[in-house]
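Notes to accompany the following structure.
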Amino acid sequence: MKKILVLILSVGFHLAFAQQRPNVNPNNPKPVIDPVPQQKEQETIKTKGSITVNGKIINYSATTGYMPLKSEDGKVRAKIFYVAYTKDNSGDITKRPVTFTFNGGPGSSSVWLHMGVIGPKRIVMSDKGDALKPPYSYVDNEYSWLDQSDLVFIDPVGTGFSRAVNGVDRAEFQGYNEDIQSVGEFIKLYTTQNKRWGSPKFLAGESYGTTRAAGLSNYLQSAFKMYINGVALISAVLNFQTINFTIGNDLTYPLYLPSYAATSWYYKKLSPELQKKDIKTLMKEVENYSINEYATALIKGDRLSTQEYNAVVAKLSYYTGLSESFIRQTDLRINLPQYNKELLRKEGKTVGRLDSRFTGIDYDDTGSSTSYDPSNTGTISGPYAAGVMS
């Protein structure tokens, strides 16, 4: 349940947040897709840089460009944009690991891991994670993984600057198998062209990228006999039923309840008894209730006695701070948008979906669905867009 809590509070929500939407002309509702800049097939741009990680200076080369994906007859079908960072003078290249990394969505470029977690530069944010006033900036990332591994950030086809070429249906690269095949082809080509077959190889994915990484680990081995040394799953979601609020799927509700409780505790909406507890103690208690009594109650469905039903209503109200009347209206099943709208409804605020510490004022405060995410629109989209384009 502890791993599930992390998924709920931060990463699972990236599935919706990490969509890299195309530009939209306000006078034309149809999306305007940015064209891929014209570039020769093998053209790349290289620069030099250095950062200090764990007190050690790391000199590196940054390479960015396009990797053409070709059909068997040699025709280019798509171009994948990537950014690679390799440590200079690293000695025996077979001893130097290389990590292929990507975000999720699906539909997201690798900007979030690139500029927020793993790469040699990071966006400057407040200690809480608030966006600072524009113009935005970035600094050396003292937490970069570059001290341990070379890094290759991949934008799957249809994200970032990666596109299918004119005349090729982008649907050829969309879908679970299609996505894995195209990203797998990129990894094979990069590994071959840069003579990294002898290097330890790792995959690092976030959100849907964890699903991609899991599939790639098998695909690379089966298709190319390329064996991976390890896989890093960041904000893992491998079973989409755990985050899918659909009628008939009761798996999500016990998994989300601890996150609701943590958020309500943060906003001091729980009883004095619960507010006095430290968050770890509270989480252990709520997780235990979720996986036992609450999950069992949902499985029993309409076979719950009136007494049992009322007990669950009371307990959900106790752990969320929401009214018993509202919980009855949800039939014991509080989905995420409902919770985000209801918790601070009296204050006229909506709780953030990616990060529930952030709040905003929604366009429509009457319903139970959110029109935007305060923790995305107001905190991360602007700084990251500016950083990656700078």
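The values are calculated or read from the model by the stated rules, or taken from the named source; none is laboratory data. Computed from a prediction, not measured in an experiment: that's the story for all the values here. Cβ sites come from the backbone with ideal geometry, for glycine too, and all protein chains shown count toward neighbours. Side chains included, ligands, DNA and RNA excluded: accessible areas come from the protein's heavy atoms. Shrake-Rupley method; radii C 1.70, N 1.55, O 1.52, S 1.80 Å.
Take the conditions (1) more than 30 Å from the chain's Cα centre (by Cα); (2) within 15 Å of residue 262 (Cα to Cα); (3) aromatic (Phe, Trp, Tyr); residue 326 misses just one of them, which is (2).
Among the residues in the stretch 240-247, are any farther than 28 Å from residue 156 by Cβ and open to solvent by 10 Å² or more (accessible area, probe 1.4 Å)? I'd like the intermediate steps shown before the answer.
Narrowing the stretch 240-247 to residues farther than 28 Å from residue 156 by Cβ: 247.
Cutting the leftovers down to open to solvent by 10 Å² or more (accessible area, probe 1.4 Å) gives us 247.
Yes - at least one qualifying residue is present in the stretch 240-247.
In the list 53, 76, 98, which residue meets the criterion of being farther than 25 Å from residue 157 by Cβ, of a type outside the set (Asp, Glu) and either surrounded by 17 or more Cβ atoms within 10 Å (Cβ to Cβ) or in contact with a strand residue (DSSP E or B) (Cβ under 7 Å, 6 or more places away or on another chain) (or both)? Lay out the reasoning, then the answer.
Details: 76 fails: farther than 25 Å from residue 157 by Cβ; 98 fails: farther than 25 Å from residue 157 by Cβ.
Selected residue: 53, the only one of 53, 76, 98 that is farther than 25 Å from residue 157 by Cβ, of a type outside the set (Asp, Glu) and either surrounded by 17 or more Cβ atoms within 10 Å (Cβ to Cβ) or in contact with a strand residue (DSSP E or B) (Cβ under 7 Å, 6 or more places away or on another chain) (or both).
Selection over the stretch 108-134 of residues that are at pLDDT below 90 and open to solvent by 40 Å² or more (accessible area, probe 1.4 Å) gives a count of 7. Considered as a group, the residues in the stretch 342-377 that are closer than 23 Å to residue 127 by Cα, part of a loop (DSSP other than H, G, I, E, B) and in contact with a Pro (Cβ under 6 Å, 6 or more places away or on another chain) include one that is modelled with the lowest pLDDT, and that residue is 358.
Annotation: residue 301 fulfils all but one of (1) without any contact (Cβ under 8 Å) to a residue 40 or more places away in the chain; (2) buried (at least 16 other Cβ atoms within 10 Å of the Cβ); the unmet one is (2). If you go through the stretch 270-298 and keep only what is aromatic (Phe, Trp, Tyr) and more than 18 Å from residue 317 (Cβ to Cβ), you end up with nothing. Here residue 232 does not qualify as aliphatic (A, V, I, L, M) and free of Cβ contacts under 8 Å to residues at least 60 places away in the same chain. Residues that are within 30 Å of the chain's Cα centre (by Cα) and either free of Cβ contacts under 8 Å to residues at least 12 places away in the same chain or within 20 Å of residue 295 (Cβ to Cβ) (or both) within the stretch 332-346 comprise 332, 333, 334, 335, 336, 338, 339, listed in sequence order. For the stretch 268-283, the count of residues that are open to solvent by less than 40 Å² (accessible area, probe 1.4 Å) and closer than 21 Å to residue 245 by Cα is zero.
Among the numbered conditions (1) at pLDDT below 95; (2) within 25 Å of residue 114 (Cβ to Cβ), the only one that residue 219 does not meet is (1). Across the stretch 200-221, the qualifying residues are those that are aromatic (Phe, Trp, Tyr) and either within 16 Å of residue 151 (Cα to Cα) or in contact with a Pro (Cβ under 9 Å, 6 or more places away or on another chain) (or both), and the one among them that is least open to solvent (accessible area, probe 1.4 Å) is 208.
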